[in-house]
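The values are calculated or read from the model by the stated rules, or taken from the named source; none is laboratory data. On a predicted model such as this, the values are computed, not experimentally measured, just so you know. FYI the Cβ positions are ideal-geometry reconstructions off the backbone, even for glycines, and counts take in every protein chain you see. These area figures cover heavy atoms from the full protein model, side chains too; ligands, DNA and RNA do not enter into them. Shrake-Rupley method; radii C 1.70, N 1.55, O 1.52, S 1.80 Å.
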Amino acid sequence: MEQRHLGRTGLRVSRIGLGTLTWGRDTDEHDAADLLKTFWEAGGTLVDTADVYGGGEAEYVLGQLVEGLVPRRDLVIATKAGSVPDPDRRFDGSRAHLLSALDASLARLGTDYVDLWQVHAFDPATPLDETLQALDLAVSSGRARYAGVSNFCGWQLAKAGTWQLAAPGIRTRLASTQMEYSLLQRGVEREVLPAALDLGIGLLPSSPLGRGVLTGKYRKATPADSRGASDHMAPFVAPYLDDAATRIVDAVTTAADGLAVTPLQVALAWIRDRPGVAAPIIGARNSQQLTAALSVEALSLPDEICQALDDVSAPVHRYPDQDWSTL
């Protein structure tokens, strides 16, 4: 698998990443082992997790598989901290919480360091410089090699990235930002992506297949074995089952038929090759699904197909996101 630099850093990652959102909950250790081995054998390196996935079980399962199944040196392990199971405070970006969470993640992962440590979301109740100082301390102590953020909107990312660049050699530049991005969700193109491109921050798209909808499997009905049919994941899939999404899925399916490939391959190739994207994160349920996704490595979409998909899925960009001088 082709390797890419993560943002304007020396860290290289596989251009498809493996997500672990369901590990330790819907995906048991046996299935996780099959996924990790399939991914590694295909040349994949970036494995993304978080301290809240499965209540910590995702990190624990990954830690049980590293070394015994896949050499630690062959993986780029990325995790996140900052989300908390508190109905009154969803995110805690305080230095105290973040550094304690990192230590707990390292213990579950069974490693001395993570390759990429990310703040899971912006915390409006904590000064941003305090949150970012936790990243600096994590890197300077060797517990994290690189640092990033997740779910920061445009101004938050720009402020954080600029703050880190203001003291080179002292503060750790942001390597990445992880955001939902797909043909069904292009909101990051308004402000987040322009900020990331300007600051040299790599984009790691989550849900690059539109929460599974872009595979086309929901076109006629909801498959009984799909996430959309499960009680806890159905609300996650439902927003992308409207008429607007249907038109986009139909266009993807038409393109796939014309290229003699699958809708999954078309949707994933489109997002993988968007400007600023380092590695879409795939959350496959089993090794068969993952193998199907990894087969996109050999596919590059023709310019005409890319343009057609751009047009059918284009978000509305008006003042002040676009050139307002023409208004």
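Please give the net charge around Ala166, taking every other residue with its beta carbon less than 11 angstrom from that of Ala166, where Lys and Arg add +1 and Asp and Glu add -1.
Working: positive: Lys159, Arg171, Arg173; negative: Asp129.
The answer is +2.
Report the antiparallel proportion of the DSSP beta bridges in the chain as a percent, rounded to a multiple of 5.
15
With every protein chain left in place, what is the accessible area per residue of the chain in square angstrom, probe 1.4 Å?
I get 44 Å² per residue for the chain.
If exposed GluC sites (Glu not before Pro) are those in a DSSP loop with at most 13 other Cβ within 10 Å, what is the longest stretch of the chain that has none?
Of all site-free stretches, the longest is 68-327.
With the cut-off at 1.5 for a/c, could you classify the chain from its C-alpha gyration tensor as rounded, prolate or oblate?
On the way: a/c = 1.58, a/b = 1.19, b/c = 1.33.
Oblate.
Before rounding to the nearest 500, sum -39500 (n - 2.57) across all DSSP H runs of length at least 4 in the chain and divide by the residue total; then give [θ] at 222 nm in deg cm²/dmol.
-11000 deg cm²/dmol, from helical runs alone.
Percent of accessible area on segment 112-267 owned by carbon and sulfur, 1.4 Å probe?
Exposed carbon and sulfur together represent 54 percent of the surface.
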